[in-house]
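Below: one structure, written as structure tokens.
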Amino acid sequence: MALVHCDFFSEALDVNTSMLVILPERASSQIGMAGSAIVGDPPVLYLLHGLTDDHTIWLRRTAIERYVAPLGLAVVMPNGSRSFYTDEEHGNRYWTFLSAELPEVCRSFFRLSERREDTFVAGLSMGGYGAVKWALRDPGRFAAAASLSGALNVATRREHPTSPVDPAVWHTVWGDRPVPGTDDDTVALLERAGDDLPALYVACGTEDFLYEDNTRFVETARRRGVPLAVDFSPGAHDWAYWDAKIQDVLAWLPLRRDPATGR
């Protein structure tokens, strides 16, 4: 695998920002890790971080590079700050950066597939919210989207008495504007979603403080007849859980096969 630390200027944010990108490499002689790369432009997974982390965290807390090496999958890990991947009321345009600018920047720098069937998004906590929101607002872009311990009910989460998020974060992101029923409300997006959605995967530990938010999202999906894979199993809001579950997500992704290897 090739690992690229990319610093670049964002027009949407009007500031320099960073991302880590893992690019597939067909290699057979590297000791301890097999590489793979499909013919043509590789599929891509946009992998989003949580509230207290940055673009480096997936590489630092998991073995994501090793996990994707045999899959021929590129992984883009952008810096979303503490934005909830939203155009902030008192900050910057992180939704515009993520959903419009980032894919174009990545394709201008790297060879990546532009096909829907080769494009995926996933994230944890705040990043799980961002992944699901992106998939529901732009379903034609993605073949699959996954949330691990996602903040999937921000419409009520900021009013929750046990919310661990600093109220200043909510104020920066949304100010006084209402979230329920808007395009930042993932439950509302699910309520009015069309039929041609990407495959959805929702995982959350039963000991996680976001467990009830995830069960409400899943109940809404089932009531609307939206198919999704669900994994509610023992686990907390921590990296032991996410390191295990990202491997399940990678196994679940509908990746196309390399005709040369069958993988």
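Considering segment 31-85 alone, what residues qualify as being touching a helix residue (DSSP H, G or I) at 6+ places or on another chain (Cβ under 6 Å), in contact (Cβ under 8 Å) with a residue 60 or more places away in the chain and part of a loop (DSSP other than H, G, I, E, B)? Within segment 31-85, SER36, PRO43, HIS49, GLY50, LEU51, THR62, ARG82, SER83, PHE84 meet the criteria. Of the residues screened, THR206 is not one that is hydroxyl-bearing (Ser, Thr, Tyr), touching a helix residue (DSSP H, G or I) at 6+ places or on another chain (Cβ under 6 Å) and modelled with pLDDT of 95 or more. Against the condition among the small types (Gly, Ala, Ser), in a loop (DSSP other than H, G, I, E, B) and at pLDDT 95 or above, how does SER113 come out, does it pass? Criteria met by SER113.
For first residues located in segment 201-230 and among the polar types (S, T, N, Q), partners that are surrounded by fewer than 16 Cβ atoms within 10 Å (Cβ to Cβ) and lie 6+ apart or on another chain with Cβ distances below 7 Å form the pairs THR206/PHE232; THR206/SER233; THR206/PRO234; THR220/GLU191. The residues on offer are ASP185, ASP238, ASP195, and the sole one that is farther than 20 Å from TRP252 by Cβ and surrounded by 18 or more Cβ atoms within 10 Å (Cβ to Cβ) is ASP185.
Here ALA240 qualifies as out of contact with any Ser or Thr (no Cβ under 9 Å at 6 or more places or on another chain) and either small (Gly, Ala, Ser) or over 23 Å from HIS49 (Cβ atoms) (or both). Scanning segment 49-78 for residues that are within 21 Å of CYS106 (Cα to Cα), small (Gly, Ala, Ser) and out of contact with any Gly (no Cβ under 7 Å at 6 or more places or on another chain) yields GLY72, ALA74. Within segment 217-230, the set of residues being surrounded by fewer than 16 Cβ atoms within 10 Å (Cβ to Cβ) and part of a helix (DSSP H, G or I) comprises GLU219, ARG222, ARG223. The set of residues in segment 129-178 that are assigned to a loop (DSSP other than H, G, I, E, B), touching an Asp or Glu at 6+ places or on another chain (Cβ under 7 Å) and surrounded by fewer than 22 Cβ atoms within 10 Å (Cβ to Cβ) comprises ALA143, GLY175, ARG177. Scanning segment 15-27 for any residue that is under 22 Å from LEU250 (Cβ atoms), in contact with a Gly (Cβ under 8 Å, 6 or more places away or on another chain), surrounded by fewer than 17 Cβ atoms within 10 Å (Cβ to Cβ) and among the acidic types (Asp, Glu) turns up at least one such residue. Within segment 23-30, is there a residue that is within 21 Å of GLY130 (Cα to Cα), touching a strand residue (DSSP E or B) at 6+ places or on another chain (Cβ under 8 Å) and at pLDDT 95 or above? The answer is no, given that none of the residues of segment 23-30 is within 21 Å of GLY130 (Cα to Cα), touching a strand residue (DSSP E or B) at 6+ places or on another chain (Cβ under 8 Å) and at pLDDT 95 or above. You will find that of ASP243, ASP184, ASP248, the residue that is over 22 Å from TYR67 (Cβ atoms) and either in a loop (DSSP other than H, G, I, E, B) or of a type in the set (Asp, Glu) (or both) is ASP184 and no other. Taking segment 86-110 as the range and being closer than 21 Å to LEU190 by Cα and in a loop (DSSP other than H, G, I, E, B) as the test, only THR86 passes.
The values are calculated or read from the model by the stated rules, or taken from the named source; none is laboratory data. This is a predicted model, so every value here is computed, not measured. Counting neighbours? That spans all protein chains shown, and the Cβs are built from the backbone with ideal geometry, glycine included.
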